[in-house]
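Structure first, then comments.
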Amino acid sequence: AMLEPDRGLSLTIARVVQRLQGSSLHSQLERQARVSLHKPEIKLESLKEDIKDFLKASGWEKKLQNAVYSELNVFPSPCHPAAPPEHIKEPLAYMRKAQGSWEKRILKSLNSMSTELNIPLAQKRPVNEQKELLNKWNEMGTDEPDLSLFRPVYAPKDFLEVLMNLRNPNYENGEQPSFRNHLGLIQVPLKVKDIPELKEDFSELGLNIGQLGIDDSAQVPPEFFENEHVRVGQKVLAEQDSAAAQQYVRQGCPTALRAELWALILNISNQPEDILYYEQLKSNVIQHNLLVDSLIYKDVKLTASNDDYYFVFEDYLYQVLLCFSRDTSVLEHFTYSSATPPKSYIQGKLGMEEYAVFYPPNVNYNSFILSVAPLCFLYHEPSKLYQIFREMYVRFFFRLHSISSHPSGIVSLCLLFETLLQTHLPQLFYHLREIGAQPLRISFKWMVRAFSGYLATDQLLLLWDRILGYNSLEILAVLAAAVFAFRAVNLMEVTSLAAAEAVLADLSTLKVMPLLQIFLFATVT
């Protein structure tokens, strides 16, 4: 149920105020206001205005603006006050149900592994083990435990099978008139954008606009654009305005400014209390052993050791993911995610709430690893790296692992990808479908991992600039379609799924921005 604009606005304001009230920013603002009372320029007769002016001049007003902007970016627009809480999570009942049974399946798989290997889901580490882990915290990669018995909880193709089986129960036997001609694997009628709408949304990627990541734009000599863009970027950083930074990165981030600009957009400042929080998570890792630790370990070993780019970050990956698996603040995001956090109990304490350990909702750590690894190029301080990853996860990446009807959710992305191909490259689409090489079977893993591990790192970061800039994951589906368009001639000649996969096996030489531009702005619609 949508609200009339004024009512919606007042609800939004009330919610943002409520969320900021408990924050450290709130107490810092109060402290600053108290400090200002001793300043000569603060007059009793104009107290309120004077304090406001002081907070503005000292940069605190900007910090408050960024915090509000951050809240608005993360949380959905408010539902009707009478709407039940599960509607905030996900308005479509059949999606909620599918997500629920997928979670049960994952938890069952974890529990059966726990029983089979006789390893509890969570237990306290003996003191000597705690000391040992503390000593080698920065070089966990040197360990070689035997993890042959641990198996991944699920692979991307298992998740794809679940999405392919989704149906809207209101439309029995494909009775959806507009949807009947959709011949892809995804069979749920969600509204996705067409190219004219995407052009409008991504207008800053147009052919006549300067872009980082395009070497030969006819309009603007690249070095002239780059120098000017760097100058503007430095100004945006000096202003410390999250909204301006978000607009700026739509044209790409200069390498030297990227880490700071992303942190500004995500409103991460690495305050002392943030560092302390990270240290608390670390001590939780040291005190308790979770079954998923071994899964994380195994996945990092597999991912990092098979990837020339990422193996140097192996120790960072352990630190971030082990801490992430203990982070209960991530649970906040379950109020607006279709997912529900699974619970398990420390061995021997079943049913006692204070011993409950929340399992991170998604134990496909392989995708997590690939979303942390690129961030290691930008952030070398563990607590900052951790916060950036956590914020990227609760804003974006969780949507790639849960079943929902959100436009940035994985179901919508799959449908958008298939619709773009079927509409704009029908011959290719039908050809691949006829030979049993449904395009989504190939592109699914790219999207679910936000292309990490597939593109060259500099290209991946240019792509993620745009995810942050547009606060949307839809660009992943557009890029996946653009890759098929780019390799269409070769794909028209293949006669099997394996051959199609071979044509698309290596994306490491692709240039993201020209592909996106050509697909969006040079395709005849």
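The values are calculated or read from the model by the stated rules, or taken from the named source; none is laboratory data. This one's a predicted model, so the numbers in the text were calculated from it and none came from an experiment. Backbone-built Cβ (ideal geometry, glycine too); neighbour counts: all protein chains shown. Ligands, DNA and RNA are excluded from the accessible area calculation, which covers all protein heavy atoms including side chains. Shrake-Rupley method; radii C 1.70, N 1.55, O 1.52, S 1.80 Å.
For segment 5-78, what is the convex hull volume of its Cα atoms per residue in Å³?
Roughly 101 Å³ of hull volume per residue.
Could you tell me the calculated FRET efficiency between Ser305 and His380, based on Cβ-Cβ distance and R0 = 22 angstrom, to the nearest 0.05?
With R0 = 22 Å, the Cβ-Cβ based efficiency is 0.55.
Amide H of His288 versus every other amide H placed in the peptide plane: which residues, excluding those fewer than 5 positions away on the same chain, fall under 5 Å?
Here the answer is Arg125, since their amide H atoms fall under 5 Å of that of His288.
What's log10 of I(q)/I(0) for segment 15-167 at q = 0.11, 0.20 Å⁻¹, Debye sum over Cα points only, no solvent?
Cα-only, vacuum Debye calculation for segment 15-167: -0.87, -1.19.
So what are the ³J(HN,Hα) numbers for segment 128-139, from phi and the Karplus equation (6.51, -1.76, 1.60; θ = phi - 60°), rounded to whole Hz, Gly and Pro as x?
Per residue, the Karplus-derived 3J(HN,Hα) values read 5, 5, 4, 4, 4, 5, 4, 5, 10, 3, 8, 9 Hz.
Taking 4 °C and 1.567 mPa s as the conditions, I'd like the Stokes-Einstein D for the chain in µm²/s, using the Kirkwood hydrodynamic radius from alpha carbon pairs.
Details: Rh = 25.1 Å.
This corresponds to a translational diffusion coefficient of 52 µm²/s.
Using a Förster distance of 22 angstrom, determine the FRET efficiency expected from the C-beta separation of Arg151 and Gln123, and round it to 0.05.
0.60
Tell me the relative contact order for segment 5-78 as a rounded percent, counting alpha carbon contacts under 8 Å between residues six or more apart.
42 percent
Tell me, what is the percent relative contact order of the chain, built from C-alpha pairs under 8 Å that lie six or more residues apart?
19 percent
Can you tell me how much longer the chain between Leu497 and Leu183 gets when fully stretched, taken as 0.36 nm per residue apart minus their C-alpha distance, in nm with one decimal? Intermediate values should be presented prior to the final figure.
Working: separation 314, 0.36 × 314 = 113.04 nm, distance 1.71 nm.
Length gained, Leu497 through Leu183: 111.3 nm.
Any lysines with Cα under 21 Å of the Lys199 Cα? List them, leaving off those in the same chain fewer than 8 positions away.
List returned: Lys191, Lys511.
Can you give me the % of accessible surface on the chain that is carbon or sulfur? Probe 1.4 Å, all protein chains present, nothing else counted.
55 percent
Suppose all protein chains stay in the model; what accessible area per residue would a 1.4 Å probe give for the chain, in Å²?
Ligands and nucleic acids excluded, the figure is 47 Å² per residue.
What residues have an amide H closer than 5 Å to that of Ala122, excluding those fewer than 5 places away on the same chain, when H is modeled at 1.01 Å from N in the peptide plane?
Leu291, Gln347
Using mean Cβ contacts within 10 Å as the protection proxy, how do 442-455, 47-60 order, highest first? Numbers along the way, then the final one.
Working: 442-455: 22.3, 47-60: 14.1.
In decreasing order of mean packing, 442-455, 47-60 become 442-455, 47-60.
5 Å is the cut-off here: which amide hydrogens, built 1.01 Å from N in the peptide plane, fall below it relative to Asp194, excluding neighbours closer than 5 in sequence?
none
When only C-alpha pairs under 8 Å and at least 6 residues apart count, what is the relative contact order of segment 381-443, in percent?
15 percent
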